[in-house]
1. Is there a residue in the stretch 162-175 that is charged (D, E, K, R) and without any contact (Cβ under 8 Å) to a residue 24 or more places away in the chain?
2. Anything in the stretch 12-42 that is at pLDDT 50 or above and either in a loop (DSSP other than H, G, I, E, B) or of a type in the set (F, W, Y) (or both)? List them, or say none.
3. Can you spot a residue in the stretch 195-203 that is touching a residue at least 60 places away in the same chain (Cβ under 8 Å) and among the hydroxyl-bearing types (S, T, Y)?
4. Yes or no: A77 touching a Phe, Trp or Tyr at 6+ places or on another chain (Cβ under 8 Å), buried (at least 18 other Cβ atoms within 10 Å of the Cβ), under 30 Å from K231 (Cβ atoms) and modelled with pLDDT of 95 or more?
5. Looking at the stretch 203-212 only, could you name the residues that are under 10 Å from the mean Cα position of the chain (by Cα) and buried (at least 21 other Cβ atoms within 10 Å of the Cβ)?
6. Working only within the stretch 74-124, note down all residues that are among the aliphatic types (A, V, I, L, M), part of a helix (DSSP H, G or I) and within 15 Å of R248 (Cα to Cα).
7. Give the stretch 43-73 a look and list any residue that's within 21 Å of G112 (Cβ to Cβ) and either in a helix (DSSP H, G or I) or under 18 Å from the mean Cα position of the chain (by Cα) (or both), or say none.
8. For the stretch 100-112, which residues satisfy the criterion of being in contact (Cβ under 8 Å) with a residue 40 or more places away in the chain and surrounded by 14 or more Cβ atoms within 10 Å (Cβ to Cβ)?
Amino acid sequence: MTPQPKAFLRCALIALLTVLQLAAPIAAVQAAKFDEKVKAPEAPTNDELKARIRDYFDTYARVAAKSAAGMVRDKAAHAKWFNTIWLLQRAIDTKRDLGDLSEFGITGMGDGSYRTDLKSFPQWSPLDERLGRLLVPSLFALSASDLRERGFRDEDIDDLRTYIERNKPRRAMLEDNLMLGESYAAKVKLQLAKKQKIPTSQYLSFIYQSSRSHAEADRAWAEGLLNTLDKQRQRILESYLMDQSGTRTTSPDDIDSLAKAVVEMIASGEYQQLMEREKMEAQQ
């Protein structure tokens, strides 16, 4: 449930829904209009990127010193993770040589992409992102079997299943981004009517705001899931997920093409059909 680059367009399409009636009642929705004053952070220099990563790593070490769940329960620390991921992606988008980032578990692949070691550097994949695997039925079944071997009881598995069935992070993200998408789409339509140029930076700011909301919805969902378990089971689940190995490869995004595609979808009305499909999937 964290903001990966190739998911940005999907996040944008989700947030562009202008007519959405969710099956579940909407309570205390923290919706906000697209804010032109909230600019997406631009690509940092290599030195700036390293400084921001070091600052985030220091924050991670502090809040996750006793438990990886610290990143789930600390909203400010989680937001710093999101912003660090965002800056790394923007730097990769420049297609320049980012220098030696091996101290952070990042290795250049020689083709403009970078591979991140998630096993040795869990900073890049905090607990809430790993909890997202439980949303996939096949992975939930596999995880349930492994968790039983580590000390989960049947009632603990049932509690997890019930929480997941009743709480969908994608649904929460749709709710939170409703007004954001409406206001952004309205602005783009007005600009098109006036034959104004729509800058890529405006699209990036929209995606930044949308993806930031998505990341917070994921964090809140994960915190709620942890709260369904007692302390012992929380520690078991955390240990199990943080032991998972893996790598992540990040490639440059073609932001100009993505921005153009979204504008064309708004102009044609195509996004409405796409959003209806997203709505149906989110309710399942």
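1. We begin by selecting, within the stretch 162-175, every residue charged (D, E, K, R); these are 165-166, 168, 170-171, 175.
The next check asks that each one be without any contact (Cβ under 8 Å) to a residue 24 or more places away in the chain; those that pass are 165-166.
Checked the stretch 162-175: at least one residue is charged (D, E, K, R) and without any contact (Cβ under 8 Å) to a residue 24 or more places away in the chain.
2. A31, A32, K33, F34, D35, E36, K37, V38, K39, A40, P41, E42, listed by residue number.
3. Of the stretch 195-203, the ones touching a residue at least 60 places away in the same chain (Cβ under 8 Å) are 198, 201-203.
Remaining after also requiring among the hydroxyl-bearing types (S, T, Y): 201, 203.
Checked against the condition, which is being touching a residue at least 60 places away in the same chain (Cβ under 8 Å) and among the hydroxyl-bearing types (S, T, Y), the stretch 195-203 yields at least one hit.
4. So A77 fits the description; yes.
5. Residues of the stretch 203-212 under 10 Å from the mean Cα position of the chain (by Cα): 210-212.
Selection gives S210, S211.
6. Narrowing the stretch 74-124 to residues among the aliphatic types (A, V, I, L, M): 76-77, 79, 85, 87-88, 91-92, 98, 101, 106, 109, 118.
Add one more test, that the residue is part of a helix (DSSP H, G or I), and what stays is 76-77, 79, 85, 87-88, 91-92.
I85, L88, I92, listed by residue number.
7. N46, D47, E48, L49, K50, R52, I53 - these are the residues of the stretch 43-73 that are within 21 Å of G112 (Cβ to Cβ) and either in a helix (DSSP H, G or I) or under 18 Å from the mean Cα position of the chain (by Cα) (or both).
8. Residues satisfying the conditions are L101, F104, G112.
The values are calculated or read from the model by the stated rules, or taken from the named source; none is laboratory data. What you are looking at is a predicted structure, and each value in this text was computed from that prediction instead of being measured. Backbone-built Cβ (ideal geometry, glycine too); neighbour counts: all protein chains shown.
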